[in-house]
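Report on one structure; see the data block that follows.
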Amino acid sequence: MEEHVRQLMRRGAITCNEETSLRDIAQIMVVNQVRYCAVINSNHEVRGLVSADSIIDAFGRDLDLTRAKDILHSHSIVTATAGTPLREAITAMSKNKIEHLIVIADQPESKAVLGLLCAGDLIARMAKREEGEANP
Amino acid sequence: MRVCDLMHKGVISCYPDDTVKDVARMMENNHFRSVVVVNERGEVWGLITYREMIRHYGENLDVLKAGRIMKPYRIEIDPQWPIEKAIEVMQRLKYYHLIVVDPHVGTKWPVGMLTSFDVVRYMAKLETGHYEPMLKIRDEKKE
């Protein structure tokens, strides 16, 4: 049976605003013990995702003056819906070299964040698989 | 601030002949995001992170060997380097997990790991140290 993102995603996500400074994002990550922060605009639409890696790329800039929108890359807005096949989602993750995939609502007019697919949850699933079950 | 002040001391390592299934278990049990592949002399050979792992989701992990999927790793990070120099390496090579090796012995023995999240933690603490007590409590629990 084909697996879907729904089965492995986490509901809910840590978010920040487009105008949040880099220093605040770093603190949000550390306090919440996560390596990502989804960026949303005032209409709660997803604008992208800032990861610990993209913060590294911005190191050296002024932490208070750099905003979340300044360090968003085009590849950071890769999204999936809960009904996306898992294989497709994983391909998108490895192609874009990301470890977190934002899951949005499955309606064209709404881009609200529903949750997140993390590479860590995929690994946990791989570790638990029994022999013979490995080839779906 | 030097690399050795921020890095995780010690690494989780495996051999190239270990199966990917074992690597997945190691990551899961130790809550590590990367496993260092070492050769029989204990020298750094390669690195397996989440990115290398998720590509093989759904494959038969019991026959796949760690040596097949690892990313070869050739750079050497000295624990005494200033942290800025290590970050520059991260930015330039797009390596977000740096293996720190002992410079004093001839062989490349891994002594620690510096990840992007360690740097974020360092950046978050720059300002007032407001979250410092929270971090300390967590560290004590870990020990």
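The values are calculated or read from the model by the stated rules, or taken from the named source; none is laboratory data. Everything numeric in this text was worked out from a predicted model, so none of it was measured. Neighbour counts run over all protein chains shown; Cβ positions are idealised from the backbone, glycine included.
Is there a residue being modelled with pLDDT under 90, within 26 Å of residue B:86 (Cβ to Cβ) and surrounded by fewer than 18 Cβ atoms within 10 Å (Cβ to Cβ) anywhere in segment A:97-118?
yes
Out of curiosity, is residue A:122 part of a strand (DSSP E or B) and under 15 Å from the mean Cα position of the chain (by Cα)?
no
Quick check: anything in segment B:35-44 out of contact with any strand residue (DSSP E or B) (no Cβ under 9 Å at 6 or more places or on another chain) and away from every other protein chain (no Cβ under 14 Å)? It would help to see each step written out before you state the result.
Taking segment B:35-44 and keeping what is out of contact with any strand residue (DSSP E or B) (no Cβ under 9 Å at 6 or more places or on another chain), we get B:40-41.
So of that shortlist, the ones also away from every other protein chain (no Cβ under 14 Å) come out as B:40-41.
Yes.
Please determine, by comparing only the residues of segment B:51-94 that are farther than 30 Å from residue B:2 by Cα and hydrophobic (A, V, I, L, M, F, W, C), which one is farthest from the chain's Cα centre (by Cα).
B:63
Do you know which of the residues in segment A:23-64 that are β-branched (Val, Ile, Thr) and either touching a residue at least 40 places away in the same chain (Cβ under 8 Å) or more than 8 Å from chain B (Cβ to nearest Cβ) (or both) is nearest to residue A:80 (Cα to Cα)?
Ranking the candidates gives A:46 first.
Hey, does segment B:108-117 have a residue that's at the interface with chain A (Cβ under 8 Å from one of its Cβ atoms) and free of Cβ contacts under 8 Å to residues at least 40 places away in the same chain?
Looking through segment B:108-117, at least one residue is at the interface with chain A (Cβ under 8 Å from one of its Cβ atoms) and free of Cβ contacts under 8 Å to residues at least 40 places away in the same chain.
Provide a single number: the residues in segment B:72-105 that are closer than 20 Å to residue A:94 by Cβ and away from chain A (no Cβ under 12 Å).
2
Which of the residues that make up segment B:23-51 are out of contact with any Asp or Glu (no Cβ under 9 Å at 6 or more places or on another chain), more than 20 Å from residue B:111 (Cα to Cα) and surrounded by fewer than 21 Cβ atoms within 10 Å (Cβ to Cβ)?
B:25, B:28, B:29
Name the pairs: first residue in segment A:65-94 and outside any loop (DSSP other than H, G, I, E, B), second residue charged (D, E, K, R), Cβ to Cβ under 6 Å, at least 6 apart or on different chains?
Matching pairs, first to second residue: A:67/A:19; A:68/A:18; A:69/A:18; A:81/A:106; A:85/A:2; A:86/A:3; A:94/B:55.
Got a number for residues in segment A:125-136 being modelled with pLDDT of 80 or more and either more than 10 Å from every other protein chain (Cβ to nearest Cβ) or surrounded by fewer than 17 Cβ atoms within 10 Å (Cβ to Cβ) (or both)?
Total satisfying the criteria: 1.
Mind listing just one residue for me: the one in segment B:118-129 that is closer than 26 Å to residue B:36 by Cβ and more than 7 Å from chain A (Cβ to nearest Cβ) and, of those, modelled with the lowest pLDDT?
Only one residue tops the list, namely B:122.
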